[in-house]
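Novice: Pasting a structure below so you can have a look.
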Amino acid sequence: MDENENQVYSFLIGEEESELRVDKYLSGELSDLSRSYIQKLLKEGRVFASGKPVKANYKVKSGDEISFFVPPLKELSVEPEPIPLSILYEDKDLIIINKPKDMVVHPCAGRYSGTLVNGLLYHCKDELSGINGVLRPGIVHRIDKDTTGVLVVCKNDQAHKCVAEQLKEHSITRKYRAIVHGILKEDGIIDAPIGRSTRNRKKMAVCEKNGKRAVTHYRVLKHLKKKYTYIECQLETGRTHQIRVHMASIKHPLLGDTIYGPAANPYHLEGQCLHAMVLGLIHPKTKEYMEWEAPLPQYFQTLLYKLDN
């Protein structure tokens, strides 16, 4: 999509989403747009249900096509902000961050402040790679807003190219911890291509025809008493929402993932229960393998206890 074009969003409502308020539905589907921005679009009459403008309290119906567009991002100067960062490691080439929940990695439509990039600009000043432009300085990969854990940021273009090449070759170690619905009986490998959903362009799906190869290795860590399973997932590839889509595809969606799993959220979680725990790579300067681990966040530890007692 050209940077000067409007970004069009379109969703087809299924029976399972029927009767949800449209503002609640869109907030659940659109993690890259802030809730206040969605409310602004609704208030201005820019959100349509089957061609007719609707307000925030409109209850979606099965068969509705919810659509709207977002004006293109302006090429803006992202402001540094004194946001506390949990830094696991830092040198002249890399900075390894333990990202908290509810933090977007870089600015996007409707969310220009409070992102990891805003905090990095304050901490690193002009020592971030410029390959991905003014909105994503230093960012070579990202994790979802509601996913916690370890993330590598590059301080110069040479380091950026080196890490990007390792990502392309799938040689970076990435291990995640997750809690999934149901009892997974044994370890396994999911080798199923992932692409854009034809039903909802903001969601990913297993797509045999148009998807890109995606491989997730999963290992059972513990069967929890309340019929959930604590697992470790290791990515062989790195597609958008890969773990969430793959685990849902085998009928074991992530707890708290109301987009790919059940709409009900019995533990009132803020998004999926997923933590990027381990990241390992070849350092761009020393050429030595390095590995970092981000401890489980408190909410995750508390949840594990609740589900097993």
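Novice: Tell me, please, whether a residue that is farther than 22 Å from Lys306 by Cα, in contact (Cβ under 8 Å) with a residue 60 or more places away in the chain, open to solvent by less than 50 Å² (accessible area, probe 1.4 Å) and not polar (S, T, N, Q) can be found in the stretch 225-239.
Specialist: Yes, some residue in the stretch 225-239 is farther than 22 Å from Lys306 by Cα, in contact (Cβ under 8 Å) with a residue 60 or more places away in the chain, open to solvent by less than 50 Å² (accessible area, probe 1.4 Å) and not polar (S, T, N, Q).
Novice: It is to be established whether one or more residues within the stretch 216-239 are out of contact with any strand residue (DSSP E or B) (no Cβ under 7 Å at 6 or more places or on another chain) and within 14 Å of Ile189 (Cα to Cα).
Specialist: no
Novice: Which condition breaks for Ala164 when tested against (1) under 18 Å from Pro253 (Cβ atoms); (2) out of contact with any Leu (no Cβ under 7 Å at 6 or more places or on another chain); (3) open to solvent by less than 70 Å² (accessible area, probe 1.4 Å)?
Specialist: (1)
Novice: Can you spot a residue in the stretch 203-220 that is in contact with a Ser or Thr (Cβ under 6 Å, 6 or more places away or on another chain), open to solvent by 10 Å² or more (accessible area, probe 1.4 Å) and closer than 23 Å to Met103 by Cα?
Specialist: For the stretch 203-220, residues in contact with a Ser or Thr (Cβ under 6 Å, 6 or more places away or on another chain), open to solvent by 10 Å² or more (accessible area, probe 1.4 Å) and closer than 23 Å to Met103 by Cα: present.
Novice: Right, another one. Which pairs have Cβ atoms under 6 Å, sit 6 or more apart or on different chains, and link a residue in the stretch 102-130 that is touching a residue at least 60 places away in the same chain (Cβ under 8 Å) and closer than 19 Å to Glu270 by Cα to one that is crowded, with 17+ Cβ neighbours inside 10 Å and among the basic types (Lys, Arg)?
Specialist: As it stands, the answer is Val104/Arg111; Val104/Lys145, since those pairs meet every condition given.
Novice: When the residues of the stretch 141-161 are filtered to those that are among the acidic types (Asp, Glu) and within 26 Å of Asp126 (Cα to Cα), which remaining residue is surrounded by the most Cβ atoms within 10 Å (Cβ to Cβ)?
Specialist: Asp144
Novice: Note down all Cβ pairs under 7 Å where the first residue falls in the stretch 195-209 and is among the β-branched types (Val, Ile, Thr), the second is in a loop (DSSP other than H, G, I, E, B), and they're at least six residues apart or on different chains.
Specialist: Filtered contacts from the stretch 195-209: Val206/Ala192; Val206/Pro193.
Novice: Would you pick out the residues in the stretch 39-49 that are assigned to a loop (DSSP other than H, G, I, E, B) and surrounded by 13 or more Cβ atoms within 10 Å (Cβ to Cβ)?
Specialist: Arg46, Val47
Novice: Just give me the residues in the stretch 239-278 being more than 16 Å from the chain's Cα centre (by Cα) and not in a loop (DSSP other than H, G, I, E, B), in sequence order.
Specialist: Correct list: Ser249, Val278.
The values are calculated or read from the model by the stated rules, or taken from the named source; none is laboratory data. Since this is a predicted model, take the numbers as computed values, not measurements. All Cβ positions, even for glycine, are placed from backbone atoms using ideal geometry, and neighbour counts span all protein chains on display. Side chains are part of the model used for accessible areas, which takes the heavy atoms of the whole protein and leaves out ligands, DNA and RNA. Shrake-Rupley method; radii C 1.70, N 1.55, O 1.52, S 1.80 Å.
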